[in-house]
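The values are calculated or read from the model by the stated rules, or taken from the named source; none is laboratory data. Keep in mind it's a predicted model, so treat the numbers as computed, not measured. Cβ atoms come from the backbone with ideal geometry, glycine included; neighbour counts cover every protein chain shown. For accessibility, only protein heavy atoms count, side chains too; no ligands or nucleic acids. Shrake-Rupley method; radii C 1.70, N 1.55, O 1.52, S 1.80 Å.
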Amino acid sequence: MNPVIQEITDRLTERSRATRTAYLTRLDAEAEAARKRGPARGSLGCANLAHGFAAAAEGDKPDLRAGVKPGVAIVSSYNDMLSAHQPYETYPPILKAAVRQAGGVAQFAGGVPAMCDGITQGRAGMELSLYSREVIAMATAIALSHDMFDASLMLGVCDKIVPGLLIGALHFGHLPAVFVPAGPMTSGLPNKVKARTRQLFAEGKVGKAELLDAEARSYHSPGTCTFYGTANSNQVMIEVMGLHLPGSTFVNPRTELREALTRAAGRRAVEITAHGREYAPVGRVVDEKAIVNACVALLATGGSTNHTMHIVAIAAAAGIELLWDDLAALSKAVPLLTRMYPNGQADVNHFQAAGGMQVLIGDLLDAGLLHADVLTIAGRGLDHYRSAPQLKDGELLWEERAEGSTDLDVLRPVSEAFSPDGGIHMLDGNLGRAVSKVSAVKEEHLVIEAPAKVFDDQLELLRAFETGELDGQDFVAVIRYQGPSANGMPELHKLTPPLAVLLDRGQRVAIVTDGRMSGASGKVPAAIHLSPEAAHGGPIALVRDGDPIRLDSSAGTLQLLVPAEELAARTPQGAPLTDAQWVGTGRELFAAFRRTAGPAERGAGIFALNGHAESVAGLTNGPRQ
């Protein structure tokens, strides 16, 4: 093992000892009870059980009534509006048949919401986006709460959906959870062309019809968007954690191989219940080593900054206290091995063609950067994930891939890395702590020192761009009151095209915000997820127009260059919206979330660190004023 990776894992394990032990004690008690009683529904009273199979297909009723075969829950994010989730329409009958073939019985236990950040960018709905992760976790818990199930099949792909499903599943940690991907759509309009069209539109050089045509040619069919944003970062991390079947992540929808993998996932869910010989409860699969492996994969691929919050929240659900300090230390030890848009022009289909997850995992294992001795749904050991699935005469087989990457412009071994450190850097300074995605930023833009231009809303910045107020000058755009307690921490990706225009004109510009950028954050240098946020009196609320700010993503520093005594004499400016103002698009329903959300560096969630008596928010900020 790489000594740095091992040291961070040991530190994480020691820090989490009390909460992880409490979590596993509950898990083991539930697992032992499951082994003794048989399938879970056997503990139900007659009226309870009758309700549980009243609507079942006639062929399943005898099995559900008998209480002998393991029960498998299907929890799905299906809807037919969103391309990533539309393929799941056909999965339940396929999975039910596969579970039945393996000796179990499956039921569709519940659906979870799936909202699209691509649709809600720059709109009020985006202010519900991060909170939707918590809603999905709670919806997952409701689906699993009926004591009917011995394993689960989790159907989800995108930004908050997969973290929410996993957080919910981890609160039923004694149940195995097999995540079933839908795969990416085939490649459409090249990302470089799409990005250029967006910038031309921002400059007024093309109209809405041309822009819409470019977007529609890019996002054109069922499947996940093909750029390497949060959705596809989800998929990489879930496979490296051992919760996907090996090699199933980036197989396109509506292919024979995709359906074969879906069937195999159903069968595997039965094989790894407490009543089989390969019991793999999700709470044991997701341990300290798996969390570190997920972080390594995120950094090695230059993945989405959103996961600096999601992986912290996922770890907390398993009783593991992951800190940004751990991510900062890992980033220095993990090289950047991929170039996928926005960190390059390739998409995930090109990554898959170059060797995909099997080559990535194999190279990281060989370099000692991943823990091999882990439990996965495929069995003990991450070496299972060196193998790629394929169909031979209609039979699904896995064969270890002997060759390395076939396209070194997209995927490289550790010995030929694109960069010696990871694609995400953690920043620290007198403004607080923040995250910077550097994999897509040119080296000459990694350091900027310029006057602040302060905005309390992203629309203010967009108006300033449209009226020419930002032309011909260097500046650091400070967008505050965008944190989880202020307005749900919306993504500010809509700011990227106009600021990229200014960057291309030769201006030096950057972003500092307590909000988020998209997982597709691009070439504009940015310090995001700033914590503490303005709504909690963070120093960002003290910044004034013209204050010099130095953002050094290479050194990992973020400094407001104002004397300490002057800062101490200042009072915060601006304010988040009140509950009375924060209305429309259902936002008023989430006011309680705003008041209880923890800071970004603690996962920006509302749930307790599992095994700890206090809430995440209570351990850090306390209630928002």
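Relative to the dominant Cα principal axis of the chain, helix 17-37 is inclined by about 20°. Nonpolar atom fraction for segment 488-583, defined as the carbon and sulfur part of the 1.4 Å probe accessible area, stands at 56 percent. For segment 194-233, the set of GluC sites (Glu not before Pro) satisfying both a DSSP loop assignment and a count of at most 15 other C-beta atoms within 10 Å is given as 203. For segment 446-557, a simple Cβ point-charge model (Lys and Arg +1, Asp and Glu -1, everything else neutral) yields a dipole of about 200 debye relative to the Cα centre.
From helices alone, the chain scores -10500 deg cm²/dmol at 222 nm; the rule is -39500 (n - 2.57) for each run of n ≥ 4 DSSP H residues, then divide by the residue total.
Of the solvent-accessible surface of segment 2-61, computed with a 1.4 Å probe and all protein chains present, 58% belongs to carbon and sulfur. Taking the simple approach of a point 7 Å from Cα along Cα-to-Cβ for both residue 399 and residue 416, what is their distance in nm? For residue 399 paired with residue 416, the spin-label model returns 2.3 nm.
Per the Kirkwood formula on distinct C-alpha pairs, the Rh of segment 385-530 is how many angstrom? Its Kirkwood hydrodynamic radius stands at 17.7 Å. If you take the Cα centroid of segment 456-483 and the Cα centroid of segment 308-374, the two points sit 33 Å apart. Here the 3J(HN,Hα) profile of segment 423-435, calculated from phi with Karplus coefficients 6.51, -1.76 and 1.60 at θ = phi - 60°, is x, 10, 10, 9, 10, 9, x, 6, 8, x, 10, 8, 10 Hz, Gly and Pro shown as x. Note on residue 119 and residue 595: the extension gain reaches 168.8 nm, defined as 0.36 nm multiplied by sequence separation minus the Cα-Cα distance.
Across segment 69-74, rounded Karplus estimates of 3J(HN,Hα) from the backbone phi angles (6.51 cos²θ - 1.76 cosθ + 1.60, θ = phi - 60°) give 7, x, x, 10, 8, 9 Hz, Gly and Pro being marked x. Every pair of different Cα atoms in segment 12-76 enters the Kirkwood calculation, which places the hydrodynamic radius at 14.2 Å. Across segment 460-477, rounded Karplus estimates of 3J(HN,Hα) from the backbone phi angles (6.51 cos²θ - 1.76 cosθ + 1.60, θ = phi - 60°) give 4, 5, 4, 5, 5, 5, 5, 8, x, 5, 9, 6, x, 8, 8, 6, 10, 6 Hz, Gly and Pro being marked x.
For segment 1-118, what percent of Cα pairs sit more than 20 Å apart? Of all Cα-Cα distances in segment 1-118, 63 percent exceed 20 Å. The calculated FRET efficiency for the pair residue 142 and residue 90, based on their C-beta separation and a Förster distance of 25 Å, comes to about 0.55.
Relative intensity of segment 204-354 on a log10 scale, I(q)/I(0) at q = 0.10, 0.13 Å⁻¹, equals -0.45, -0.73, per a Debye sum over C-alpha point scatterers of equal strength in the absence of solvent. Electrostatic bookkeeping for residue 459 treats Lys and Arg as +1 and Asp and Glu as -1; over the other residues with beta carbon under 13 Å from its beta carbon, the sum is -2. Suppose R0 equals 51 Å; then what is the FRET efficiency for residue 205 and residue 25 from their Cβ-Cβ distance, rounded to the nearest 0.05? The value I calculate is 0.25. Could you work out the percent of alpha carbon pairs in segment 344-450 separated by over 18 Å, rounded to a whole number? Tail of P(r) above 18 Å: 63 percent of Cα pairs. Distances between placed amide hydrogens fall under 5 Å for residue 427 paired with 434, 435, 436, all partners being 5 or more residues away or on another chain. Taking amide hydrogens as placed 1.01 Å from N in the peptide plane, the amide H of residue 608 sits under 5 Å from those of 616, each at least 5 positions away in sequence or on another chain. Our summary of shape: the Cα atoms of segment 66-107 have principal axis extents of 39, 15, 11 Å, ordered from largest down, in whole angstrom. Computed from the C-beta positions of residue 566 and residue 192, the FRET efficiency with R₀ = 56 Å rounds to 0.80.
The magnitude of the dipole of the chain, with charges of +1 and -1 set on the Cβ of Lys/Arg and Asp/Glu and taken from the Cα centre, is near 1200 debye.
All C-alpha to C-alpha distances of segment 93-220, sorted into 5 Å bins beginning at zero, yield P(r) values of 2, 10, 15, 15, 14, 12, 10, 8, 6, 4, 2, 1, 0 percent in whole numbers. Hey, what D do you get for the chain in µm²/s if you plug the Kirkwood alpha-carbon radius into Stokes-Einstein at 37 °C and 0.692 mPa s? For the chosen part, D equals 133 µm²/s. The calculated P(r) of segment 56-154, using every Cα pair and 10 Å bins from 0, goes 15, 39, 28, 13, 5, 0 in percent. In this rough spin-label picture, where each label sits 7 Å from Cα along the Cβ direction, the residue 406-residue 332 distance is 3.9 nm.
Note on segment 277-351: Cα Rg divided by 2.2 N^0.38 Å, N the number of residues, gives 1.25.
Taking each residue as 0.36 nm, the span from residue 216 to residue 51 lengthens on full extension beyond its C-alpha to C-alpha distance by 54.9 nm.
Distance in nm between label sites at residue 428 and residue 345, each 7 Å beyond Cα in the beta-carbon direction? That separation, rounded to one decimal, is 4.0 nm.
Under a 5 Å amide H cut-off, with hydrogens placed 1.01 Å from N, residue 177 pairs with 152, 282 among residues at least 5 apart or on other chains.
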